[in-house]
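Just below is one structure, and these are the notes that go with it.
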2 protein chains.
Amino acid sequence: MKRRTFIKTAAVGSAGAALTAPAVVRGQAQVRWRLASSFPKSLDTIYGAAEVVSKRVAAATGGKFEIRVFAPGEVVPALGVQEAVQQGTVECCHTAPTYFFGKDPTFALDGIIPFGMNSRQMTAWMYDGGGLQLVREFYSGYNIISFPCGNTGAQMAGWFRKEVKGLDDLKGLKMRIAGFGGVLIERLGGVPQSIPGGDIYPALEKGTIDATEWVGPYDDEKLGFYKVAKFYYYPSYWEGSAQLSLYVNTKAWEALPKDYQAVFEAACAEAHVDMQAKYDARNPAALKRLVANGAQLRALPRPVAEQGWKAVNEIYSDLSSKNPKWKKVYESYSRFRDDTIVWFRFADGSFDSFMASTKR
Amino acid sequence: MKRRTFIKTAAVGSAGAALTAPAVVRGQAQVRWRLASSFPKSLDTIYGAAEVVSKRVAAATGGKFEIRVFAPGEVVPALGVQEAVQQGTVECCHTAPTYFFGKDPTFALDGIIPFGMNSRQMTAWMYDGGGLQLVREFYSGYNIISFPCGNTGAQMAGWFRKEVKGLDDLKGLKMRIAGFGGVLIERLGGVPQSIPGGDIYPALEKGTIDATEWVGPYDDEKLGFYKVAKFYYYPSYWEGSAQLSLYVNTKAWEALPKDYQAVFEAACAEAHVDMQAKYDARNPAALKRLVANGAQLRALPRPVAEQGWKAVNEIYSDLSSKNPKWKKVYESYSRFRDDTIVWFRFADGSFDSFMASTKR
């Protein structure tokens with residue numbers, strides 16, 4: 001630095017706040033982001049996660065980092081959010097990665113695949129098992145950096161108009177089921193249907209479809225399926241948990257001040273744990289109300305699980321031979337799943353089992 | 001505002017940064033806190049949670065909010081942390097609330113009680129079931145505000161030199177077991193022992209004690225118990241999960257700028273989910289190594305669970321008749337536990353059960 005310049009700067013500094021000004025500008029930068037959610041506001045727990053992030057980020061930056069949350073259709077359609085982030089139309093979105101499995105099945109490994117990981121396994125793989133690094137490597141090809149942002153826990157298999165007593169009852173069954181689960185239902189002899197949320201109830205009522213899956217008791221109750229399909233099956237082998245993710249456009253992320261990045265990451269972690277907590281707190285009471293309203297709880301027959309397990313392993317091995325991106329992430333995913341699942345049967349599983357027995 | 005004052009301020013403002021200075025000072029206030037941990041650095045997952053908070057808070061404030069983490073004995077002994085926060089000797093601590101059940105058993109309801117809630121239930125009660133508000137009301141009497149900050153998940157019952165085939169084998173059994181669990185072991189005929197972590201191994205080796213509980217595979221492996229007590233029992237009915245909490249002195253909290261408060265809260269939530277993730281990722285491999293090294297896995301016999309359940313309900317009902325603080329929090333805790341546990345058997349439990357069966 002030239003001596004004259006130094007003196008001049010120092011002089012201004014001593015007279016006012018000029019010397020610290022650069023830090024001030026950086027720390028207090030006004031940043032406005034738009035977040036496109038894939039979820040309707042009626043799904044308050046899932047849609048709400050984006051609001052948890054938005055509120056926390058605002059509070060932690062004195063309102064300087066604003067993230068405005070938009071419902072589907074307000075700026076981007078529900079399933080257009082990934083592309084909107086990729087292209088930079090919006091800075092970020094909150095979505096279910098499994099929605100984009102048709103584009104590349106690898107997306108689903110950041111959300112859920114049939115016979116995949118439970119909620120705690122998935123979070124463990126993300127945070128401490130190398131999962132997050134692997135999915136981020138995949139997402140970098142889409143100009144996206146991802147953040148785990150919520151999980152529903154194990155879902156229910158869905159609402160069926162007739163009892164499912166064995167594999168035969170799935171033959172020709174028209175079932176509304178999204179994403180990867182549809183591929184599995186097809187392998188089991190069913191006919192997967194793609195129907196938007198609002199149209200499911202009338203289709204089920206008229207018998208246009210025989211069954212539908214949605215999420216779990218708390219969300220399902222809102223759509224009233226128990227009125228038109230009495231049999232409520234568990235568990236969802238297609239969604240043994242379902243992670244939601246927050247996608248951020250890579251350039252928008254890189255342009256974000258480091259302290260705002262840190263705030264954003266912590267806010268996503270908070271929304272991640274908060275969503276699972278809300279489902280866990282609200283599902284039990286909703287299930288009781290559903291049963292009181294006539295829902296008949298049933299476990300999917302064991303042969304359905306066994307045949308499904310066999311079918312998905314064929315699908316996954318086929319994918320691994322064709323898609324190197326899938327192969328790389330799936331190898332870590334499936335190894336982690338297989339290495340950890342048995343542990344949960346010992347301490348947590350046997351504790352839960354006894355505690356549940358005290359209520360019977 | 002008087003006109004003259006306004007003009008003067010405006011003039012200074014236009015010449016420099018004076019007008020924005022108050023906001024700058026607030027947003028960039030240098031805050032230094034000391035955090036006393038109850039845990040040795042060797043328990044990297046638990047001790048590490050305080051470091052996760054410290055690092056996140058620093059990164060999110062450009063280094064302006066510094067929290068220095070101290071191991072036990074550096075500023076406060078392991079079990080002196082609660083009092084140190086209450087008296088303002090340190091601004092905050094990271095601890096297991098159950099350590100202070102002797103002072104008032106209500107503390108344990110923020111951590112774990114025998115036959116209490118599993119990890120997901122506890123977090124759900126904290127975040128969405130009214131639990132956090134209730135424990136904070138209790139803590140306000142100690143000048144403390146609490147933040148959930150980690151959970152171990154269901155622990156193992158412990159290491160036993162001899163097999164436990166029934167209740168008779170607990171009679172006169174000298175077991176190192178901390179806190180509330182000790183009260184239960186005593187009711188079951190055992191003799192609870194209070195021994196610091198570093199002294200357990202020699203006591204077990206010499207036969208001064210017959211058994212010890214610690215945490216779970218990942219932590220237990222470090223202390224080498226498998227070398228001197230072969231039988232490794234599950235689950236810990238005394239710690240079906242164990243929540244750790246971050247206590248902040250109320251005055252220190254109130255003096256903290258609002259944006260730093262927001263950062264701190266999000267950082268605690270992040271550490272909360274991060275610790276459970278680390279245990280879930282690391283326990284399975286540790287269990288495999290322990291078994292490979294000769295540990296004999298055993299389930300506690302059903303009569304032990306049944307007798308224990310009966311005993312704790314007598315203890316809890318006795319406490320409720322004597323301690324109104326306990327009664328208020330326990331009523332919410334036990335209702336939430338009882339209302340939610342059955343739900344976990346349907347979707348999550350049956351999914352986990354099938355998935356574990358694929359590995360046998």
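The values are calculated or read from the model by the stated rules, or taken from the named source; none is laboratory data. If you're wondering where the values come from, they're calculated on a predicted model, not measured in any experiment. Counting neighbours? That spans all protein chains shown, and the Cβs are built from the backbone with ideal geometry, glycine included. Only protein heavy atoms, including side chains, enter the accessible area calculation; ligands, DNA and RNA are left aside. Shrake-Rupley method; radii C 1.70, N 1.55, O 1.52, S 1.80 Å.
A:GLN296's amide H: which non-local residues (gap 5+, or another chain) put their own amide H closer than 5 Å, with H modeled 1.01 Å from N in plane and none for Pro or chain starts?
For A:GLN296, whose amide H was placed from the backbone, the distant partners under 5 Å are A:PHE231, A:TYR232.
At 1.4 Å probe size, put A:TYR234, B:TYR247 in order of accessible surface, largest to smallest.
The ranking, largest first, comes out as A:TYR234, B:TYR247.
How are the alpha carbon pair distances in the range A:23-83 distributed across 10 Å bins from zero to the largest one, expressed in percent?
23, 44, 25, 8, 0
Among residues other than B:PHE147 whose Cβ falls under 12 Å from its Cβ, what is the net charge (Lys/Arg +1, Asp/Glu -1)? Mind showing how you got there, number by number?
Details: positive: B:ARG136; negative: A:GLU270, B:ASP110, B:GLU265, B:GLU270.
It works out to a net charge of -3.
Suppose all protein chains stay in the model; what accessible area per residue would a 1.4 Å probe give for the range A:224-307, in Å²?
The answer is 31 Å² per residue.
Between B:THR89 and B:GLU66, what is the spin-label point distance in nm, taking each point 7 Å from the Cα along the Cα→C-beta axis?
Using points 7 Å along Cα→Cβ, the separation is 2.3 nm.
So, in Å, what gap is there between the alpha-carbon centers of the range B:248-270 and the range B:148-167?
Centre-to-centre distance over Cα atoms comes out at 34 Å.
Which ³J(HN,Hα) values, rounded to whole Hz and listed in residue order, are derived for the range A:279-291 from phi using the Karplus coefficients 6.51, -1.76 and 1.60 in 6.51 cos²θ - 1.76 cosθ + 1.60 with θ = phi - 60°, glycine and proline given as x?
Values, residue by residue: 4, 5, 7, 9, 4, x, 5, 5, 4, 4, 5, 4, 5 Hz.
Order B:VAL53, B:VAL31 by their accessible area, 1.4 angstrom probe, all chains in place, largest first.
Listed by decreasing accessible area, they come as B:VAL31, B:VAL53.
Compute the long axis of helix B:302-322 from its Cα atoms, compare it with the longest principal axis of the Cα atoms of chain B, and write down the angle in degrees, 0 to 90, nearest 10.
Around 50 degrees separate the two axes.
Could you work out the longest stretch of chain A that avoids the GluC sites (Glu not before Pro) located in DSSP loops with at most 13 other Cβ atoms within 10 Å?
A:164-360
Do any residues of the range A:133-160 show a loss of at least 10 square angstrom of accessible area between the isolated chain and the full protein assembly, using a 1.4 Å probe, and if so which?
In the range A:133-160, residues shielded by partner chains: A:ALA154, A:MET156.
Could you go through the range B:169-176 in sequence order and give the Karplus-derived ³J(HN,Hα) for each residue, using 6.51 cos²θ - 1.76 cosθ + 1.60 with θ = phi - 60°, rounded to whole Hz, and x for Gly and Pro?
Values per residue, Gly and Pro as x: 6, 8, 4, x, 5, 8, 10, 6 Hz.
What part of the accessible area of the range A:87-152, given as a whole %, is carbon or sulfur when the probe is 1.4 angstrom?
Values: 770 of 1600 Å².
Exposed carbon and sulfur together represent 48 percent of the surface.
Note the distances from B:ASP199 to each other copy's matching label point, with points 7 Å along the Cα-to-beta-carbon direction, in nm, sorted shortest first.
Once sorted, the set of distances for B:ASP199 reads 7.3 nm.
Step through the residues of the range B:49-64 one at a time and calculate ³J(HN,Hα) from phi using the Karplus curve (6.51 cos²θ - 1.76 cosθ + 1.60, θ = phi - 60°), rounding each to whole Hz and writing x for Gly and Pro.
4, 5, 5, 4, 4, 4, 5, 5, 4, 5, 5, 7, 10, x, x, 7
In the range B:173-250, what percent of the accessible surface is made up of carbon and sulfur (1.4 Å probe, ligands and nucleic acids excluded)? Don't jump to the answer; show the numbers that get you there.
Numbers: 1260 of 2460 Å².
Roughly 51 percent, rounded to a whole number.
A:LYS230: which lysines have alpha carbons under 19 Å from its alpha carbon, excluding same-chain residues fewer than 8 sequence positions away?
The reachable lysines, counting only those whose Cα sits under 19 Å from A:LYS230, are A:LYS162, A:LYS165, A:LYS174, A:LYS206, A:LYS222, A:LYS288.
Name the residues of the range A:57-79 whose amide N is less than 19 Å from a point 7 angstrom out from the Cα of A:ARG32 along the C-beta direction?
Those under the cut-off are A:57-71, A:74-76.
Where in the range A:152-190 does the amide nitrogen come within less than 17 Å of the point 7 Å from the Cα of A:LYS310, taken along Cα to Cβ?
Backbone N within reach: A:166-171, A:184-190.
Keeping every protein chain in place, order A:ARG345, A:ARG302 by accessible area at 1.4 Å, biggest value first, i.e. largest first.
A:ARG302, A:ARG345
Under the convention of a label 7 Å out along Cα→Cβ, give the distances in nm from B:GLY130 to the same position in every other copy, shortest first.
In ascending order, 4.6 nm.
Suppose a student asked you for the relative contact order of the range A:75-137, using Cα pairs under 8 Å spaced at least 6 residues apart; what percent would you report?
Working: 38 pairs, mean separation 11.4, N = 63.
Reported as a whole number, the value is 18 percent.
So how exposed is B:THR358, as accessible area in Å² (1.4 Å probe, rounded to 10)?
30
At 1.4 Å probe radius, can you tell me the per residue accessible area of the range B:33-147 in Å²?
31
Counting only protein heavy atoms and using a 1.4 Å probe, what share of the accessible area of the range B:263-356 belongs to carbon plus sulfur, as a whole percent?
Percent of accessible area from carbon and sulfur atoms in the range B:263-356: 51.
Counting only C-alpha contacts under 8 Å and six or more residues apart, can you give the relative contact order of chain A as a whole percent?
Rounded, it is 22 percent for chain A.
By its C-alpha gyration tensor, with a ≥ b ≥ c as the square roots of the eigenvalues, how is the range A:234-360 shaped: rounded for a/c under 1.5, else prolate for a/b larger than b/c, else oblate?
oblate
Would you please classify the overall shape of the protein assembly as shown from the alpha carbon gyration tensor, given that a ≥ b ≥ c denote the square roots of the eigenvalues, rounded means a/c under 1.5, and beyond that prolate means a/b larger than b/c while oblate covers the rest? It would help to have the intermediate numbers written out before the result.
On the way: a/c = 1.81, a/b = 1.11, b/c = 1.62.
It is oblate, given that a/c is not under 1.5 and a/b is not larger than b/c.
If I model a spin label as a point 7 Å beyond the Cα along the Cα-Cβ vector, how far apart are those points for A:ARG289 and B:ASP338 in nm?
Calculated label separation equals 2.2 nm.
If we hang a label 7 Å off Cα along the beta carbon direction at B:ARG289, how far is it from the matching labels on the other copies, in nm, shortest first?
4.8
Of all beta bridges DSSP finds with both residues in the protein assembly as shown, what is the antiparallel percent, to the nearest 5?
Counting DSSP beta bridges with both partners in the protein assembly as shown, the antiparallel share is about 45 percent.
May I ask for the accessible area buried between chains A and B, both sides summed, probe 1.4 Å, to the nearest 100 Å²?
Heavy-atom accessible area buried at this interface is about 6900 Å².
Need one value for B:229-242: mean number of C-beta atoms belonging to other chains within 10 Å of its residues' C-beta atoms.
3
Can you give me the solvent accessible area of B:LYS41 with a 1.4 Å probe, rounded to the nearest 10 Å²?
Around 120 Å² of this residue is reachable by solvent.
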